[in-house]
Amino acid sequence: MIHSLPALPYSPDALAPVLSAETIDFHYGKHFQTYIDNLNRMIEGSPYEDMEIEEIVMKAGGAVFNNAAQAWNHNFYFQTLSPSPVEIPAVLEEKLVKAFGSVADFKTEFNKAAATLFGSGWAWLCKDKDENLVIVQTQNADNPMTQGLKPLLTVDVWEHAYYIDYRNRRAAYLEAIWNLIDWEKVAGRL
Ligand SMILES: [Fe+2]
């Protein structure tokens, strides 16, 4: 199957000023597209050719894994953003309070994980096998599904996610990104 770039659920300039249209143009339109193009090229004629991206992430290694996981991670990230954020649904808020003490404490802990991730990678909120919420850091393309965790929310902390708008100020990007989270979608993944 040929994988294609999934449509954004908002216009490219809708997330400004938190994420500018230029950031979306480069991050979604170029970086994400390149992962999709690389994946399509690499899986042609291989056992991965007819698999959905999630299955490739769970089964592949090396460059095929890297491009499939980056495609999956980027879609998950972009689909979780919204120009019109909603309140955190009660079912999710209860779980965040139980796991981290409060929503504010959760955000602080999540941002600490995202800020201290050395180099390129992702910060995640996941549900583990015992239904507990956990914060996870992954390097480069890595995805927590391969550790048996269910992703609920991710923030891209590769420099390409924030450098146009925030330069080297990763912490400023991490503070601002909370204004774009579609909590209904996050809760829907519980
Ligand atoms: Fe990215």
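The values are calculated or read from the model by the stated rules, or taken from the named source; none is laboratory data. All values derive from a computational prediction rather than experimental measurement. No Cβ is skipped: glycine too gets one built from the backbone with ideal geometry, and neighbour counts run over all protein chains shown.
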Across segment 52-88, the tally of residues that are among the small types (Gly, Ala, Ser) and surrounded by 19 or more Cβ atoms within 10 Å (Cβ to Cβ) stands at 4
How many of the residues in segment 9-50 are in contact (Cβ under 8 Å) with a residue 60 or more places away in the chain and within 16 Å of residue 156 (Cα to Cα)?
8
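Yes/no per residue for (1) within 16 Å of the ligand (Cβ to nearest atom); (2) under 19 Å from residue 187 (Cα atoms):
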| position | (1), (2) |
| --- | --- |
| 1 | no, no |
| 9 | no, yes |
| 58 | no, no |
| 67 | yes, no |
| 106 | no, yes |
| 113 | no, no |
With the condition kept exactly as written, say whether any residue in segment 127-148 is surrounded by fewer than 18 Cβ atoms within 10 Å (Cβ to Cβ) and among the small types (Gly, Ala, Ser).
yes
Only one of 69, 60, 90 is in contact (Cβ under 8 Å) with a residue 24 or more places away in the chain and either of a type in the set (Gly, Ala, Ser) or assigned by TED's automatic domain parsing to the domain that holds residue 48 (or both). Can you tell me which?
69
